[in-house]
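Here is the structure we will look at.
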Amino acid sequence: MADEALRSQVRQWIAEAPRIAVLTGAGMSAESGVPTFRDALTGLWARFNPEELATETAFRAHPQRVWAWYAHRRAALVQVAPNAGHLALAGFALRHPGRLTLITQNVDDLHQRAGLVDTIALHGSLLDDRWLDPPRTCCHIEPIQDGEPPSCPVCGNLRRPSVVWFGESLPSAALAAAEAAAHDCDLMLVVGTSGVVYPAAGLAFTAHQHGARVAIINPEPSDLDPVADVCLRELAAQSLPPLLETS
Ligand code: BJW
């Protein structure tokens, strides 16, 4: 099918599907200026080794280095805003209450800032932090010193970013809600993810196995292409508005 025919097909599925689940990844925010993880030239991990930064082991070994990397990314988020794709999804959800469930792997809060307050955030939020070890009664936060993660002055417990690192469980309520949405949806839109990180990527397989149509929006091939009914090789912020704003 030609590109325009594929686009009309997806538009029609969106118009007709009673329940739509949307699974987003870093590509969703690329046009807002947030780097993806795995894109060859611009992705965060073209420059940094994830094993050195996005694990609890790394944080325990090099708390300052990991804290500084997250502090830099947090500061960069202040400069960015939801793009036309985030706004189109939020607008659709507002016009069609109860039809769209937004599941994101992103930690940038841009869906929430666009107005989708009940976004299911599978990998936490870059804007929050929490105690590394279970807090004791002594635990309170010291003022942040430059480059240092804040710590309890009594027991030394550290604050850490409230994101999900490799080897850590996803928040159970968020994962259960995402699995239910994937299981029950009639259409899943998969936007801007490489589909390599589990259990998030498995949601597209769940949707497909339970009879939902799956449409992918990504300029590049992804690991989820085998379960897609349609792959639109497009950019999220350009593709989503015309797909969603006519419904
Ligand atoms: C555009 C675009 C534009 C660009 N428009 N598109 C089953 C099988 C194998 C392994 C596992 C498995 N189950 C669990 C695992 C282990 C592991 C895992 O998946 N490893 C794989 C890498 C092999 N998973 C975990 O450890 C998870 N925990 C877990 O499963 O707990 C249970 C357990 C515990 C112990 C042992 C075993 C199981 C946790 C995963 C946590 C992921 N955390 C991160 C970091 C968050 C914090 C931070 O930000 O620093 O989450 S990793 C990173 O990857 C981040 C992302 O959310 C995630 C996904 O990346 P995403 O969004 O897909 O980004 P990219 O860069 O990969 O892709 C961008 C895409 O956009 C590209 O395709 C572009 O083409 C596209 N694009 N511009 C549209 N404008």
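The values are calculated or read from the model by the stated rules, or taken from the named source; none is laboratory data. In this text, all values refer to a predicted model and were calculated from it rather than measured experimentally. We place every Cβ from the backbone using ideal geometry, glycine too, and count neighbours over all the protein chains shown.
Go through the range 132-161 and give me each residue that's surrounded by fewer than 17 Cβ atoms within 10 Å (Cβ to Cβ) and under 15 Å from VAL66 (Cα atoms). Steps first, answer last, please.
Going through the range 132-161, the residues surrounded by fewer than 17 Cβ atoms within 10 Å (Cβ to Cβ) turn out to be 133-138, 140-148, 153-156.
Of everything in the range 132-161, those that are surrounded by fewer than 17 Cβ atoms within 10 Å (Cβ to Cβ) and under 15 Å from VAL66 (Cα atoms) turn out to be ILE144, GLN145, ASP146, GLY147, GLU148.
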Give me a count of the residues in the range 217-227 that are crowded, with 21+ Cβ neighbours inside 10 Å and over 17 Å from SER29 (Cβ atoms).
1
Give the range 209-247 a look and list any residue that's assigned to a helix (DSSP H, G or I) and not hydroxyl-bearing (Ser, Thr, Tyr), or say none.
GLN209, ASP225, PRO226, VAL227, ALA236, ALA237, GLN238, LEU240, PRO241, PRO242, LEU243, LEU244
Hey, does the range 151-158 have a residue that's aliphatic (A, V, I, L, M), over 30 Å from LEU23 (Cβ atoms) and either assigned to a loop (DSSP other than H, G, I, E, B) or within 16 Å of the ligand (Cβ to nearest atom) (or both)?
yes
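Among the candidates LEU116, LEU102, LEU175, LEU126, which residue alone is assigned to a loop (DSSP other than H, G, I, E, B) and under 26 Å from ALA201 (Cα atoms)? Show your work before the answer.
On the way: LEU102 fails: assigned to a loop (DSSP other than H, G, I, E, B); LEU175 fails: assigned to a loop (DSSP other than H, G, I, E, B); LEU126 fails: assigned to a loop (DSSP other than H, G, I, E, B).
Testing whether each residue is assigned to a loop (DSSP other than H, G, I, E, B) and under 26 Å from ALA201 (Cα atoms) leaves just LEU116.
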Here is a check on your reading of the model: is SER169 at pLDDT 95 or above, in a strand (DSSP E or B) and polar (S, T, N, Q)?
no
Taking the range 9-67 and keeping only residues that are within 14 Å of the ligand (Cβ to nearest atom), loosely packed, with under 14 Cβ neighbours inside 10 Å and small (Gly, Ala, Ser), one is left with GLY33, ALA40, ALA46
State yes or no: is GLU245 away from the ligand (no atom under 11 Å from the Cβ), under 19 Å from LEU87 (Cα atoms) and charged (D, E, K, R)?
yes
